[in-house]
1. Taking the Cβ of each residue in H458, H43, H141 as the centre, tally the other Cβ atoms inside 10 Å and list the residues starting with the fewest.
2. In region 74-92, whose amide N lies under 14 Å from the spot 7 Å out along Cα-to-Cβ of T21? List them in ranges.
3. Using only C-alpha atoms and all pairs of different ones, pull out the Kirkwood radius for region 228-282 in Å with one decimal.
4. Please give the calculated 222 nm ellipticity per residue for the chain, where each DSSP H segment of at least 4 residues contributes -39500 (n - 2.57) and the sum is spread over every residue; nearest 500 deg cm²/dmol?
5. Treat the count of other C-beta atoms within 10 Å as a stand-in for reagent exposure and order T226, T277, T556, T314 from fewest to most.
6. Along the charge dipole of the chain, which of L264, L525, M325 sits closest to the positive end, that is, farthest toward it, with unit charges on the beta carbon of Lys, Arg, Asp and Glu (+1, +1, -1, -1)?
7. If we restrict to alpha carbons, what Rg and Dmax does region 507-586 come to, in Å?
8. Can you compute the modelled spin-label distance between K77 and E541, with each label point 7 Å from Cα toward Cβ, in nm?
Amino acid sequence: MNVFVEFERRIRDAVSAAQTTGDLPENLDLSKISTEPPREESHGDIATNAAMILAKPAKKSPREIAEKLAALLEKSKDVLEVNVAGPGFINIKLADQFWLNVIREVLSAGRSFGSNSLGQGEKINVEYVSVNPTGPLHVGHCRGAIFGDALANLLEFAGYGVVREYYFNDAGSQIDALARSIHWRLREALGENLGEMPDGLYPGEYLKPLAESLARDNGADLAAKTENEWLPVLRSAGVGAMMELIKDDLALLGIHHDVFFSELSLHGGKDSEIKRTIDVLNQKGLIYEGVLPPPKGQLSEDWEAREQTLFKATEFGDDIDRPLMKSNGDYTYFAADVAYFKNKFDRGFDQMIYVLGADHSGYVKRLEAIGKAISGGKAQAVVRICQLVKLFRGGVPVKMSKRAGNFITMRDVVEEVGSDSVRFMMLYRKNDAPLDFDFVKVTEQSRDNPVFYVQYAHARICSVLRKASESFGEAQLADEFLRAAALDLLSDEAERLLMRKIATFPRVIESAARAHEPHRLAFFLYEVASAFHSLWNKGKELPHLRFIDEEKGDITMARLALIRATAHVIASGLTILGVEASEEMR
């Protein structure tokens, strides 16, 4: 149950009751009424802007409306008191029994607590990573990969039908460069002394194993062929090998896609998907032959006007119209983007989310324009940008990787600090803000390291439960028994704070899913861990607050129920983020 959604419903019921008695007029717009935690905990548990929203259309003062609604809400079940603050804000304090029932609900639902039907099965395609298959993933790709994966998990938990997709560009000139790089390494493997690799090729050592394998199998035959003969062979071999390398890299982070979509498949033949898509746009009157103005900042004498086939992107909010075909008749990269969106739309997706790197921020308007033009407003293209990651070691920038040639590989980072640290820290900042990743800080065992702090909270709870099972028996600690515990014995403010924090989990899930912001969940887990650790430390100082007291079975079971519910919420949240809920930490 989402506490805030539940009380938004009760507030609407109160408005309806006030309308029945004539205290409020009919036909009021209630869509902007919201409920949220008060800015200060001392003000209560729930705050609403209902009176402020309704004042103008009802032609009454906010204070007058607030006092009427407050009187009605005080009659509501589980409400302890309602106060009107300032010009008309309504603050609601809930009875203790309400929070106790939430703990029982968590123990009933287990790790599914917080999941909901917000998405109502809406089909969403989340495309992320989508790196050109020319080499291993680098640390910049890492952030988008983790963000996209966590977002897909989050949306699925919130009731959406999610497909995780990887779009790989196997049709462009960079694949020719890959093939030529492999050919260079192949000749090296056959014993030729070639000197330094030419500019424009991929210098990393990751191509050597493939080249050596090709050299053993049919190297002499390939070396004897002309470029026109060996180029398609090495293109295919290179793309296949690089995609396997990329999949292996992603597997280190627990990332697996449902669909791997080839750009080359959009091109094939005279009746290609790109051509069919352009025909559709032409039928809609969205294509014309024209000349684009020179790029901003480029001198006119350096630019040559060429007539191209253009898409009327400006009619759908883009800055300029976009070329679909060059003057020589070749399709542009943008043409493939349009055909790819249409392919997704034809597969029945209602929303297409593109997770892109900072260098693709200019794609936002053009992709949104594609979505509107192709679907006629029936489907939406949504772009989420992941900003750059800077690597440090104790505050000192980290140097490049020799294996990769000119960048730091994702594998290097994961193998040094572990998947959990990488995933959590990449999500512990909003995706469109730059991120500093320090190898030293993410391995510290302290409160300043969020992933350790959260995992340690779960491990501590598991340790307490293992110890309790020695005294009370494992069967007595099953969720169905703990639900029957005398939770009303939990009276300390630290215990109540932890309860209230747990109860907000469904709201965090809904708000994070709506906003496409999994970092909200990472922040929430840190807050839950902090509330739990505070309770733990209080018990060390005050023996009567310890979790286990063998002479007081009732209060012990109540506290074990609370921390078991806490463990369920932490484990559920960590699973969505793709991080292990550790049961032991050394």
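We did not get these values from a lab; they are worked out from the coordinates using the rules stated. Here the structure is a predicted model, which is why all the values come from computation and not from measurement. Every residue, glycine among them, receives a Cβ derived from its backbone with ideal geometry; neighbour counts consider all protein chains shown.
1. Details: H458 26, H43 16, H141 23.
In increasing order of surrounding Cβ atoms, one gets H43, H141, H458.
2. Backbone N within reach: 74-76.
3. Details: mean 1/r = 0.0721 Å⁻¹.
Result for region 228-282, one decimal place: 13.9 Å.
4. Details: 19 runs with 283 residues, N = 586.
That comes out to -16000 deg cm²/dmol.
5. Values: T226 7, T277 24, T556 20, T314 14.
Ascending number of Cβ neighbours within 10 Å: T226, T314, T556, T277.
6. L525
7. Over region 507-586's Cα set, Rg and Dmax evaluate to 15.2, 48 Å.
8. So the label points at K77 and E541 sit 3.9 nm apart.
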